[in-house]
Amino acid sequence: MPSDTVLGAGASPAAPAYRITALIVASALFMEQLDATVLATALPTMSRSFGVSPLDMSVALTGYLLSLAVFIPASGWIADRFGARNVFCAAIAIFMAGSLLCAQAHNLPFLVLARVLQGLGGAMMVPVGRLVILKSVPRADFVSAMAWVMVPALIGPVIGPMVGGFIVTYLDWRWIFYVNLPLGVIGIALASHYIDDIREEIRRPFDGLGLLLSGTALASLLFAFETGGRGAASPRTALVLLTVGLVTGALYIAHARRHAAPILDLSLMRLKTFRLSVVAGGLARITAGAMPFLLPMMMQLGFGMSAAHSGLVTFVSAAGAMAMKASAAPILRRFGFRNTLIWNSVIASAFLAIYATFRPDWPIAAIYVVLLIGGFSQSLQFTAYNTIAYAEVERDRMSAATSFYTTMQQMMLSLGICVSASVLHAAVALSGRETPVMADFSAAFLTVTSVSLLAAFVCARLPRDAGDDLTGRAR
């Protein structure tokens, strides 16, 4: 079994042993990613079943991501207190229960509530799985371990659009959620047998007030952006939510400065590589969060494709992401984190901007090439961010760092959906139409892509040798 100790720069002779743990963790990520991409493809069909606008269905995505953002801060403390293996298995079980309820939904509010329960499971499952890797893998193997974790997890987005398109075209959309049940049973069985029950002996007090304040702040801000952007709430309601979010956020910052072990440890932002990864990665994730919402909807509403056909097209982006994994370590070893993140930010943003020019008369082969390269470059970017974030984090702070980083990650992904849905809604409202057309999608793609381009300027502040010990470049 993997050691509990995070070693120095030298690779461990037993380094390949971490691959078993990484693949088990990845199986849970596979289930989550499959669920997310299948659902994104099915949203237009589900909107007709519920009798609501396709744009209103974005709340089903943001409701889940919002639940992640609210509950993830507690994941590190819970894993240290009750053991990573126990929490990981319980999280999968909660995710399965949420999936079963989603399949029983007969209206949008019930679906959103069930997605929130799913999010509670995901809030424990994803960061705790990552924590297991970070606490059991030598530092020099971090990049490879992250790549191993992501390979099966990326199979979900690869086959998700195709599975989603097939289900909603030939079966009932409820099977989207039923497929999670056997996958969850397999994940629990493997985790119970192979994953070490990693936990910390130090007993930190649980920051209940901090969880309440941070959860209220995050929930209020996201709901303000989501409902206000879609016009689902009055300007007054959106302003009240925004005010509550800002006030409780300020109260949490004051609380965190006084608490010995805050639920979100803001002092981690003093670590340069962690801070820059949070900021630059957040900008890039706003764009990434919008893509699963925009692409399938554009293909179905703008191109007139069936759900099955749009799934066959959009899966190419995830295929490019999976193809990148074998290249991540060599690229980062050759060029370093700083150069890779700067130039790849520009390349990824350029190809994502091309999505705005897609039209039904484009050759399908050209669309495939753009999606493939765009997926490849985005995946390289996030592999680098997810690794460099922990370059200066000591082992005893890994739980706090994972909770903080994953919370910000999910917050930005949620914000990406909010921003893209808001731009679509504004474009449709200004034109007086009821459904978006290609020009509206172009405006949304260009808006979110301009945000990700800013990440290049943030990455330029990384030290030239940042993360060299994680890739072996220093040697």
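Here the simple spin-label model places points 7 Å from the Cα toward Cβ, and for Ile186 and Ser327 these points are separated by 2.9 nm. Probing with 1.4 Å while keeping every protein chain in the model, the per residue accessible area of the range 350-435 equals 36 Å². Sorting the segments 248-258, 344-354 by their mean number of nearby beta carbons within 10 angstrom, highest to lowest, gives 344-354, 248-258. For the chain, relative contact order (Cα pairs under 8 Å, six or more residues apart, normalised by length) works out to 25 percent. Charge tally around Met298: other residues with Cβ under 14 Å, Lys/Arg +1 each, Asp/Glu -1 each, net 0.
Spin-label model, Ile364/Ala260: points 7 Å from Cα along the beta carbon direction are separated by 6.4 nm. When each of the peptides 216-224, 28-36, 361-369, 175-183 is scored by how many other beta carbons lie within 10 Å of its residues on average, the order from highest to lowest is 28-36, 216-224, 175-183, 361-369. Within the accessible area of the chain, the carbon and sulfur atoms contribute 68%, probe 1.4 Å, all protein chains present.
Legend: helices of the chain (whole DSSP H runs) are marked when their alpha-carbon atoms reach 18 angstrom or more along the helix axis and their mean Kyte-Doolittle hydropathy is at least 1.0; marked are 58-71, 84-103, 108-136, 142-170, 180-194, 208-230, 364-388, 398-431, 438-453.
The heavy atoms of Ile342 offer some 30 square angstrom of accessible surface to a 1.4 angstrom probe. In this structure, Leu246 and Thr169 have a Cβ-Cβ separation that, at R0 = 30 Å, corresponds to a calculated FRET efficiency of about 0.10. A dipole drawn for the chain from +1 and -1 charges on Cβ atoms has a positive end, and of Phe303, Ala256, Pro205 the residue lying farthest that way is Ala256.
The values are calculated or read from the model by the stated rules, or taken from the named source; none is laboratory data. Worth saying up front: this structure is predicted, and the values here are computed from it rather than measured. Heads up, the Cβs are rebuilt from the backbone with ideal geometry, glycines too, and the neighbour counts pull from every protein chain shown. SASA here: full protein model, heavy atoms, side chains in, ligands and nucleic acids out. Shrake-Rupley method; radii C 1.70, N 1.55, O 1.52, S 1.80 Å.
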